[in-house]
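Notes to accompany the following structure.
The values are calculated or read from the model by the stated rules, or taken from the named source; none is laboratory data. As the structure is a computational prediction, the values presented were derived from the model and not from experiment. As a convention, Cβ positions derive from the backbone with ideal geometry for all residues, glycine included, and neighbour counts pool all protein chains shown.
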Amino acid sequence: MHVQLPDGSSKEVPDNATVADVAASIGKRLAKDAIAGKVNGKIVDVYAPVPAGARIEIVTPKSADGLDTIRHSTAHLMAMAVQELFPGTQVTIGPVIENGFFYDFGTERPFADEDLRRIEEKMQEIVKRDLPIRREEWSRDEAVDLFDKLGEKFKVEIIRDIPGDQVLSIYRQGEWFDLCRGPHVPSTGRLGAFKLLSVAGAYWRGDERNAMLQRIYGTAWADQKELDEHLKRIEEARARDHRKLGKELELIYFSHFAPAMPIFLPKGTVIYNELIDFVRAFYRRDGYSEVVTPLIWDTELFKISGHYDNYRDNMFFSHIDEREYGVKPMNCPGHTQIFAMERRSYRDLPIRIADFARLHRYERSGVTHGLARVRSFAQDDAHLFVTPEQIGPEIDRELRLIKEMYDVFGFTDVRFALSTRPEKRVGTDAMWDEAEAALEKALKKNGIDYTINPGEGAFYGPKLEFQVTDAIGRPWQLATVQLDYALPERFQLSYVGADNSEHRPVMIHRAILGSLERFIGIIIEHFAGAFPLWLAPVQVAVLPVSEKFLDYGDEVGREMQRAGLRVQVDRSNEKLGAKIRTAQLEKIPFMLVVGEKEAQNRTVALRKRSGGDQGSMTIEEVVVEARRLIDSRSLTL
RNA sequence: GCCGUUGUAGCUCAGCUGGUAGAGCAGCUGAUUCGUAAUCAGCAGGUCACCGGUUCGAAUCCGGUCAACGGCUCCA
């Protein structure tokens, strides 16, 4: 019979040929590399028979399908090792995830980190046994019996949920087997480049009312080299961690007295304020009005807005004078009061109210994370009060603004998602239909590809969410644009239209950097702490070669300061090399070395963080160069 | 909130099976006056997160609380 290969050619093979046979007929090397196959696009084991005329693809370790297969098989390998080492442990599921896999086990005794080492050793031992991995097909009822007898109650539950007539596959390696769709590598000897990374609790079926299982995470690759490279990437990510860098660079601090509420130290505050200035410049240009509003409001406000019913568990409260106040978790309820304070005309719209106020949300302990998930934060928040006709144009403006602002940080790869109505929500279905349609229309109009997150919207309206990818490829959610018909309704907001009658405005909630805290966390990691000049907490370090030149160094420092640069003079009794090292570790962009020559000629020797000695120049020249980089918000030095 | 781990000097960490703490860096003092990633010497610095228990004796063992970390659930 004939089969078709990916290059379009066709190949003659025996009638009962398997994927492995096809691979062998193409070449020895390929036969050795084959770990799975694709028959008419469907991934199968290498010993799966191929039908006549089928399109056949040989899956090798380095392909995406190959890696998935290796990771899946490694998950099985781990499950086998665990059950050999800890009899009585129950198996559940073990899927492939990005860069690796996990497997959830039901066990009385949680795994300790030392157990991981033992499990890894056992896995390597099973690899050496080179057990063939073979598929068997079972009826559903037989499979239930099989696992029931073993006391594998989680597996039984999984199988019971599968439709009755379906044939199930079980993969067997040596004495051990597991229910699995497959495919798998042909034998355990094909595995080996793996490492177990961590153990964690995880709920059965992801529901916190269910039993807590023990999850082991691991990573697996085609070969040792790729594994080593991956482990190195993990190390690099760790070195960039904003919590580590935030501490080392003295940007932020956390006090036990304010858990999950970041304290911005002087250097961190420079970044915080620079970002606000950056955003304000756009606000001035684009017609936003900034306001300053209270942090606590009478609970009545939140009862009207719906936060009391829908968001109370995430709020802080305060009682005084027999009155209950809520610490605001969002600015929107307050902003409705600004809109409502006077009679509004359609001629006033759109009204764009911006606010950098601190917000407080109670986050359950255990969910907070550095600057990324906190209990106290500020957003570059604004609420747009618009007529229905203005929705489209306003969202267009926001989409453009988002791109413009993200470009400055080098976030060019932006992904879009539309989050639709959640179960817990306010407003009528008709409102939700309209709001979701409006956002979708804006995306389509701008030719933007997007995904839909069903049920992920805010309780008052659907959301557009914007995800960027940082310097090392990690995704982060930043901006959000939310359309809201509900709050204007609840607060009975209105404006007088051209027809001289009352109309309900629509609110658009939007933040572009999102939470400033989270954004700062992201850019710390994105830039690995080496900020562009405009954001650098200290922009210039003056380094006198010895004490004799301290006076001239101070003078240079004053000049820089007068030019509006953030400067620090290193007056320590250290040698130049040590001063450079210190400045370099602090990631200060410009170092100005001053010694005999410079003091005489009234110059400085510029050394950049990025590229060593730049030679002598006048103070004025340095200032001009620095200003140029700052004003253009240059990403390079 | 749940599962697991961790908490020793400002920072990074050592402290074996219980016998009342140690290094490097940072800090201070002195010497040195130095040219592109660490000059040398001395000094000082700790209720071993907190509360309670076991013990003749606890940083070490046990329990609780708090916080942080890896996940889960939740979520901006």
Worksheet item: Out of (1) crowded, with 20+ Cβ neighbours inside 10 Å; (2) part of a loop (DSSP other than H, G, I, E, B), what's the single condition that is false for A:ALA23?
Response: (2)
Worksheet entry | Pick from the range A:583-608, criterion touching a residue at least 24 places away in the same chain (Cβ under 8 Å) and of a type in the set (Val, Ile, Thr), ranking: nearest to A:VAL623 (Cα to Cα) | A:VAL604
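In the range A:28-56, what residues are more than 23 Å from A:ASP68 (Cβ to Cβ) and not charged (D, E, K, R)?
A:PRO51, A:ALA52, A:GLY53, listed by residue number.
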Worksheet item: Considering only the range A:516-551, how many residues are farther than 22 Å from A:ALA239 by Cα and near RNA strand B (Cβ under 10 Å from one of its atoms)?
Response: 8
Practice prompt. Can you give me the number of residues within the range A:580-625 that are within 7 Å of RNA strand B (Cβ to nearest atom) and on the phi > 0 side of the Ramachandran plot?
Written response: 1
Discussion item. From the list A:ASP429, A:ASP433, A:ASP355, exactly one residue is acidic (Asp, Glu), over 20 Å from the mean Cα position of the chain (by Cα) and at pLDDT 95 or above. Which is it?
Written reply: A:ASP355
Worksheet item: Any chance the range A:182-192 includes a residue that's under 21 Å from A:GLY88 (Cβ atoms) and touching a helix residue (DSSP H, G or I) at 6+ places or on another chain (Cβ under 7 Å)?
Response: no
Worksheet entry | Residue tally, condition in contact with a Leu (Cβ under 8 Å, 6 or more places away or on another chain) and part of a loop (DSSP other than H, G, I, E, B), over the range A:182-217 | 3
Discussion item. Can you pull out every residue in the range A:559-579 that is more than 12 Å from RNA strand B (Cβ to nearest atom) and surrounded by 13 or more Cβ atoms within 10 Å (Cβ to Cβ)?
Written reply: A:GLU559, A:MET560, A:GLN561, A:ALA563, A:LEU565, A:ARG566, A:VAL567, A:GLN568, A:VAL569
Item to complete: State yes or no: is A:ASP470 of a type in the set (Asp, Glu) and within 18 Å of the chain's Cα centre (by Cα)?
Response: yes
Worksheet item: Only one residue in A:GLU489, A:GLU502, A:GLU517 is surrounded by fewer than 24 Cβ atoms within 10 Å (Cβ to Cβ), farther than 25 Å from A:GLU440 by Cα and among the charged types (D, E, K, R). Which one?
Response: A:GLU502
Worksheet, complete the sentence: Considering the range A:241-263, residues that are more than 10 Å from RNA strand B (Cβ to nearest atom) and either more than 22 Å from the chain's Cα centre (by Cα) or part of a loop (DSSP other than H, G, I, E, B) (or both), and then whichever is surrounded by the fewest Cβ atoms within 10 Å (Cβ to Cβ), we arrive at A:ILE263
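Scan the range A:565-574 residue by residue and report those that are in contact (Cβ under 8 Å) with a residue 12 or more places away in the chain and outside any strand (DSSP E or B). Let's see the steps before the verdict.
Within the range A:565-574, the first condition is being in contact (Cβ under 8 Å) with a residue 12 or more places away in the chain, and the residues that meet it are A:565-571, A:573.
Scanning the range A:565-574 gives A:LEU565, A:ARG566, A:ASP570, A:ARG571, A:ASN573.
How many residues does the range A:345-364 hold that are hydrophobic (A, V, I, L, M, F, W, C), within 16 Å of RNA strand B (Cβ to nearest atom) and part of a strand (DSSP E or B)?
Within the range A:345-364, the first condition is being hydrophobic (A, V, I, L, M, F, W, C), and the residues that meet it are A:349, A:351, A:353-354, A:356-357, A:359.
With within 16 Å of RNA strand B (Cβ to nearest atom) added as a condition, the list becomes A:356-357, A:359.
Remaining after also requiring part of a strand (DSSP E or B): A:359.
So the answer is 1.
Which of the residues that make up the range A:38-66 are assigned to a strand (DSSP E or B), under 18 Å from A:CYS180 (Cα atoms) and touching a residue at least 24 places away in the same chain (Cβ under 8 Å)? First the steps, then the outcome.
First, pick out the residues of the range A:38-66 that are assigned to a strand (DSSP E or B): A:38-39, A:42-44, A:49, A:55-59.
If we keep only those that are under 18 Å from A:CYS180 (Cα atoms) as well, we get A:38, A:42-44.
A:LYS38, A:ILE43, A:VAL44 - these are the residues of the range A:38-66 that are assigned to a strand (DSSP E or B), under 18 Å from A:CYS180 (Cα atoms) and touching a residue at least 24 places away in the same chain (Cβ under 8 Å).
Kindly indicate which of A:ALA479, A:ALA498 is in contact (Cβ under 8 Å) with a residue 60 or more places away in the chain and in a loop (DSSP other than H, G, I, E, B).
Working: A:ALA479 fails: in a loop (DSSP other than H, G, I, E, B).
Sole residue among the options that is in contact (Cβ under 8 Å) with a residue 60 or more places away in the chain and in a loop (DSSP other than H, G, I, E, B): A:ALA498.
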Discussion item. Can you go through A:ALA378, A:ALA382 and tell me which one is within 16 Å of RNA strand B (Cβ to nearest atom), buried (at least 21 other Cβ atoms within 10 Å of the Cβ) and closer than 30 Å to A:ARG504 by Cα?
Written reply: A:ALA382
